[in-house]
Amino acid sequence: MVVLLTGATGFLGKHIMHELAEFDLRIISRTAKIEGVEVVNADITKGVPSDAFEDVEAVIHTAAKVDNWPLDLYAGYYQTNVEATENLVKQALAFDIDRIIYTSSYFALGSTGELVADENWDNPDDFHHPYTKSKYLAGKRIDPLMERYPDRITQLLPTVGLGAGIDNVVIHTLIDYINGRLPGIPGGGNTSMNFVDARDVAIAHRLALDGPTGKYIIGAHNRTLAEFMGMFAERLDIAPPRSLPFWMAKVYAKMLHLTRSPRLTTADIAVSQRNWQYHSDKAKALGYHPRGLDELVETLLKTMVDEKKLSTKGMKRVETYLSRS
């Protein structure tokens, strides 16, 4: 099967590309050169050349603007995550591609309050980050196409993916914590998110190539950030992170804005003030069965060592634990 993949050089895309190694892959990228893989050099915001779809049986569209900065240039998010997504899916439909998989995000559905929500949840008045807003709007473009072509389009909505090569706010927080450089976690980390191993998200994409079409939450574990970080504290024998009032966290984030490449933004703080609790029961129809949270934590610790993301102090802590386990 020839599979056309966008976003292969991204954090999640690398895992998907690895999972699909047995397929005949064709990658769309502006500049990337990947050994052993056919690459079509194109910018999805300017259109994909027709020959990219030649002999293609499935398209997986993972490419998205996920940068954390600058927050004020929403047009860039809209152009890539909304307009380019709609255009690519319509182009794939026009070329009679049998299976089209669009990688969205559970953030596109909105925060959940005290509920544990599913794919039908829709909270459009709760978007405080340009990424989450753009993913919501993209979903509103793709949903009607799914209704018109129910046997050809699948929409996957991963939760917070973690693993090798992943670079997001949660990873930054964990690294700073282990390195002893975290001033605290906003609100004590008492709001919930859903965490999933990026390898399981990649597996879900493979399963979706011949599984039943539809919209699926691809997640695993609902935990507060405090609970999740507590699993690292217990293993590394370090004190739980301190609580940072939300107002103080916002001041700290605004100070980081001055760096022009902040690891934490005021929009991230707004997201962290809300619960994002979802379940993935529907995805069982794909054969999706995510791995346990303990395995994910162990993988993250090994990854931090392998990728040399820790300070000398942090590295010693983790290596001491891994040598005992």
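The set of residues in region 99-111 that are in a loop (DSSP other than H, G, I, E, B) and either on the phi > 0 side of the Ramachandran plot or at pLDDT 95 or above (or both) comprises SER104, SER105, GLY110. Taking each residue of region 221-240 that is in a helix (DSSP H, G or I) and looking for partners that are among the charged types (D, E, K, R) and surrounded by 18 or more Cβ atoms within 10 Å (Cβ to Cβ) with beta-carbon atoms closer than 8 Å, six or more apart or interchain, yields LEU236/ARG317. Kindly indicate the residue of region 112-126 that is part of a loop (DSSP other than H, G, I, E, B) and not charged (D, E, K, R) and also surrounded by the most Cβ atoms within 10 Å (Cβ to Cβ) among those meeting that condition. The selected residue is THR112. Only a single item in (1) exposed (fewer than 14 other Cβ atoms within 10 Å of the Cβ); (2) more than 30 Å from PRO212 (Cα to Cα) is not met by GLU298, and it is number (1). Does ALA21 satisfy the condition of being within 22 Å of GLY161 (Cβ to Cβ) and free of Cβ contacts under 8 Å to residues at least 24 places away in the same chain? So ALA21 passes the test. On the given criteria, is GLU54 surrounded by fewer than 16 Cβ atoms within 10 Å (Cβ to Cβ) and over 23 Å from LEU12 (Cα atoms)? Yes.
Scan region 206-224 and tell me whether some residue there is out of contact with any strand residue (DSSP E or B) (no Cβ under 9 Å at 6 or more places or on another chain), buried (at least 17 other Cβ atoms within 10 Å of the Cβ) and over 23 Å from GLN79 (Cβ atoms). Write out each step before concluding.
Here is the first cut: in region 206-224, the residues out of contact with any strand residue (DSSP E or B) (no Cβ under 9 Å at 6 or more places or on another chain) are 206-207.
Keeping just the survivors that are buried (at least 17 other Cβ atoms within 10 Å of the Cβ) gives 206-207.
Applying the additional criterion that residues be over 23 Å from GLN79 (Cβ atoms) yields 206-207.
Scanning region 206-224, I find at least one residue that is out of contact with any strand residue (DSSP E or B) (no Cβ under 9 Å at 6 or more places or on another chain), buried (at least 17 other Cβ atoms within 10 Å of the Cβ) and over 23 Å from GLN79 (Cβ atoms), so the answer is yes.
Take the conditions (1) among the β-branched types (Val, Ile, Thr); (2) more than 20 Å from the chain's Cα centre (by Cα); (3) under 23 Å from THR112 (Cβ atoms); ILE238 misses just one of them, which is (3). Screening region 17-30 for residues that are in a strand (DSSP E or B) and under 21 Å from the mean Cα position of the chain (by Cα) and picking the one that is nearest to VAL66 (Cα to Cα) gives SER29. Test GLY189 against the stated conditions and say whether it is in contact with a His (Cβ under 9 Å, 6 or more places away or on another chain), closer than 20 Å to ASP268 by Cβ and crowded, with 18+ Cβ neighbours inside 10 Å. So GLY189 fails the test. So, in region 31-79, how many residues would count as being outside any loop (DSSP other than H, G, I, E, B) and modelled with pLDDT of 90 or more? Selection size over region 31-79: 17.
For the residues TYR177, TYR216, the requirement of being touching a Leu at 6+ places or on another chain (Cβ under 6 Å) and not acidic (Asp, Glu) singles out TYR216.
Considering every residue within region 80-95, establish whether at least one is of a type outside the set (Ser, Thr, Tyr) and in a loop (DSSP other than H, G, I, E, B). Among the residues of region 80-95, at least one is of a type outside the set (Ser, Thr, Tyr) and in a loop (DSSP other than H, G, I, E, B), which makes the answer yes.
Checked against (1) under 26 Å from THR265 (Cβ atoms); (2) touching a residue at least 60 places away in the same chain (Cβ under 8 Å), LYS140 meets all criteria but (2). Just one of (1) at pLDDT below 95; (2) in a helix (DSSP H, G or I); (3) within 15 Å of THR303 (Cα to Cα) fails for SER134. It is (3).
The set of residues in region 252-275 being in contact with a Leu (Cβ under 9 Å, 6 or more places away or on another chain), closer than 29 Å to TRP121 by Cα and assigned to a loop (DSSP other than H, G, I, E, B) consists of LEU264, THR265, ASN275. Only one entry of HIS172, HIS205 meets the criterion of being farther than 18 Å from VAL318 by Cα and touching a residue at least 40 places away in the same chain (Cβ under 8 Å), and that entry is HIS205.
Restricting attention to region 271-295 and to residues that are crowded, with 19+ Cβ neighbours inside 10 Å and among the aliphatic types (A, V, I, L, M), the residue that is farthest from GLY184 (Cα to Cα) turns out to be LEU286. In this structure, is LYS14 basic (Lys, Arg) and either under 23 Å from GLU86 (Cβ atoms) or part of a loop (DSSP other than H, G, I, E, B) (or both)? No.
Would you confirm whether any residue within region 145-158 is among the charged types (D, E, K, R), in a helix (DSSP H, G or I) and more than 18 Å from VAL66 (Cβ to Cβ)? Yes, there is a match, as at least one residue in region 145-158 is among the charged types (D, E, K, R), in a helix (DSSP H, G or I) and more than 18 Å from VAL66 (Cβ to Cβ).
The values are calculated or read from the model by the stated rules, or taken from the named source; none is laboratory data. For clarity, every value in this text was computed on a predicted model and none was experimentally measured. Here the Cβ is made from the backbone with ideal geometry for all residues, glycine too, and neighbour counts use every protein chain on show.
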